[in-house]
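What follows is a single structure, and I will ask about it in a moment.
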Amino acid sequence: MKIKLPFIIFICGIFYSANLGALSLVEEAKQSGLASLPKNQKEIDDILKQNGVKASAFSIEKSELGKKLYFDPRLSKSSIISCNTCHNLGLGGTDGVSTAIGHRWTTNPHHLNSPTVYNSVLNTTQFWDGRAKTLADQAKGPIESEAEMATPSKLAVEKISSLPEYVEEFKKIYGKSGVNFDNIADAIANFERTLITPSRFDKFLDGDEKALNDKEKKGLKLFLDKGCVACHTGVNLGGSMQPFQVAAKYKFADIGDFKGDANGMVKTPTLRNVAETAPYFHNGAIWSLQDAIKEMGSVQLGIKITDQEAKSIETFLHSLTGEKPKIIYPQFPASTGKTPKPQL
């Protein structure tokens, strides 16, 4: 007899809920797999190790260099687009549009939405199809993509190498290897490691039960009981590869041609700062957080989530809006006569 996956999830949920009945809400959340954010780079290293992700040793010097590179538009062929264009740190780490727009106003060929860069180091994988494991590998993709920054690696190295201040910084940090594409990506990844956003929910998980109000706790309880935590779990409440359209077809599945990886798996978005990162889903087709919650109930869990329930869960999700690190916009080295000219 063939048993459908939603039925298995439902039965497991009943068994699991029965065993959690006597636990406090904090304990129940932890038992369900949720965890508070790391408080320093050592704890981030521990999480990366648990996730099987290899990264270079973190340093403040790398991070400061990476911050300049993250904001420097000269890493794009046009010298107009920076990493911050699509992952705007003032817009929840996203761009606020349905599909990313790149070089010469090219829209993403698969109609893919830009995920948030905040807390992205804690994802177990990067990109919607999970094709990169590390932030450094992820950083290379948009720089070289013709539909994004459109800068071949050779041109990127040529641009940065034309700026003596950058050359000196790379030499100081990376030694003889100096300016190369791997080191450019590594520096950017080190900066992105600092983009951690602790929230009231983290205080709650760390034992301060007053950090959430009663309505937020009610929403968290619904989030757990409905089974949302099956995919939105771990320290990032998402960020791992999961099957998509488990119980029903996503009603906007035909917008774009993205179907996930070779096995139909899709990276689950983090729910941290989710109230700031509309529009939602891989193709940015839904703008209302409550609508996104109801759609997930249907598509992933095979259940109907009422308007009132969606509102309650949304109230909890607002508690995941975290405190952003203070970022001072950097001053860049002046271009020289050797700096390749913009190609518009």
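Check whether at least one residue in segment 295-311 is surrounded by 15 or more Cβ atoms within 10 Å (Cβ to Cβ), assigned to a helix (DSSP H, G or I), touching a Phe, Trp or Tyr at 6+ places or on another chain (Cβ under 7 Å) and of a type outside the set (Asp, Glu), and report yes or no.
Within segment 295-311 (the criterion being surrounded by 15 or more Cβ atoms within 10 Å (Cβ to Cβ), assigned to a helix (DSSP H, G or I), touching a Phe, Trp or Tyr at 6+ places or on another chain (Cβ under 7 Å) and of a type outside the set (Asp, Glu)), the answer is yes, since at least one residue qualifies.
Filter segment 282-291 for residues that are over 19 Å from residue 215 (Cβ atoms) and in a helix (DSSP H, G or I) and give the result.
291
Could you check, for segment 275-293, whether at least one of its residues is of a type in the set (S, T, N, Q), touching a helix residue (DSSP H, G or I) at 6+ places or on another chain (Cβ under 7 Å) and more than 30 Å from residue 163 (Cβ to Cβ)?
Yes: one or more hits.
Further question on the same structure: Does residue 240 satisfy being free of Cβ contacts under 8 Å to residues at least 12 places away in the same chain and not hydrophobic (A, V, I, L, M, F, W, C)?
No: the conditions fail for residue 240.
Scan segment 236-264 for residues that are open to solvent by 20 Å² or more (accessible area, probe 1.4 Å) and on the phi < 0 side of the Ramachandran plot and report the count.
19
Would you pick out the residues in segment 312-344 that are closer than 30 Å to residue 253 by Cα and either assigned to a helix (DSSP H, G or I) or more than 26 Å from the chain's Cα centre (by Cα) (or both)?
312, 313, 314, 315, 316, 317, 318, 319, 320
Go through segment 37-90 and report how many residues are β-branched (Val, Ile, Thr), part of a helix (DSSP H, G or I) and over 21 Å from the mean Cα position of the chain (by Cα).
Residues in segment 37-90 being β-branched (Val, Ile, Thr), part of a helix (DSSP H, G or I) and over 21 Å from the mean Cα position of the chain (by Cα): 1 in total.
Taking interchain pairs and intrachain pairs at least six residues apart, which have beta carbon atoms under 6 angstrom, with the first residue in segment 209-221 and under 17 Å from residue 309 (Cα atoms) and the second open to solvent by less than 10 Å² (accessible area, probe 1.4 Å) and β-branched (Val, Ile, Thr)?
Matching pairs, first to second residue: 219/313.
A further question on this structure: Could you list, in sequence order, the residues of segment 269-281 that are open to solvent by 10 Å² or more (accessible area, probe 1.4 Å) and either under 11 Å from residue 113 (Cα atoms) or not in a helix (DSSP H, G or I) (or both)?
269, 270, 271, 277, 278, 280, 281
Among the residues of segment 177-200 satisfying the criterion of being in a loop (DSSP other than H, G, I, E, B) and within 29 Å of residue 270 (Cβ to Cβ), which is most open to solvent (accessible area, probe 1.4 Å)?
Once the filter is applied, the top-ranked residue is 198.
If we scan segment 102-124, do we find a residue that is outside any loop (DSSP other than H, G, I, E, B) and without any contact (Cβ under 8 Å) to a residue 40 or more places away in the chain?
Within segment 102-124 (the criterion being outside any loop (DSSP other than H, G, I, E, B) and without any contact (Cβ under 8 Å) to a residue 40 or more places away in the chain), the answer is yes, since at least one residue qualifies.
In segment 142-151, what residues are crowded, with 16+ Cβ neighbours inside 10 Å and not in a helix (DSSP H, G or I)?
Scanning segment 142-151 gives 145, 147, 148, 149, 150, 151.
Which one is least open to solvent (accessible area, probe 1.4 Å) among residues in segment 152-176 that are assigned to a helix (DSSP H, G or I) and hydroxyl-bearing (Ser, Thr, Tyr)?
166
Counting only residues that are within 19 Å of residue 76 (Cβ to Cβ) and among the polar types (S, T, N, Q), which one in segment 107-141 is most open to solvent (accessible area, probe 1.4 Å)?
107
Determine whether segment 333-344 contains at least one residue that is farther than 29 Å from residue 63 by Cα, open to solvent by 60 Å² or more (accessible area, probe 1.4 Å), modelled with pLDDT under 95 and out of contact with any strand residue (DSSP E or B) (no Cβ under 6 Å at 6 or more places or on another chain).
So far as segment 333-344 goes, yes, one or more of its residues are farther than 29 Å from residue 63 by Cα, open to solvent by 60 Å² or more (accessible area, probe 1.4 Å), modelled with pLDDT under 95 and out of contact with any strand residue (DSSP E or B) (no Cβ under 6 Å at 6 or more places or on another chain).
The values are calculated or read from the model by the stated rules, or taken from the named source; none is laboratory data. Keep in mind it's a predicted model, so treat the numbers as computed, not measured. Methodologically, a virtual Cβ is constructed for each residue, glycine included, from the backbone with ideal geometry; neighbour enumeration extends over all protein chains shown. Protein only, heavy atoms only, side chains kept; ligands, DNA and RNA dropped before computing areas. Shrake-Rupley method; radii C 1.70, N 1.55, O 1.52, S 1.80 Å.
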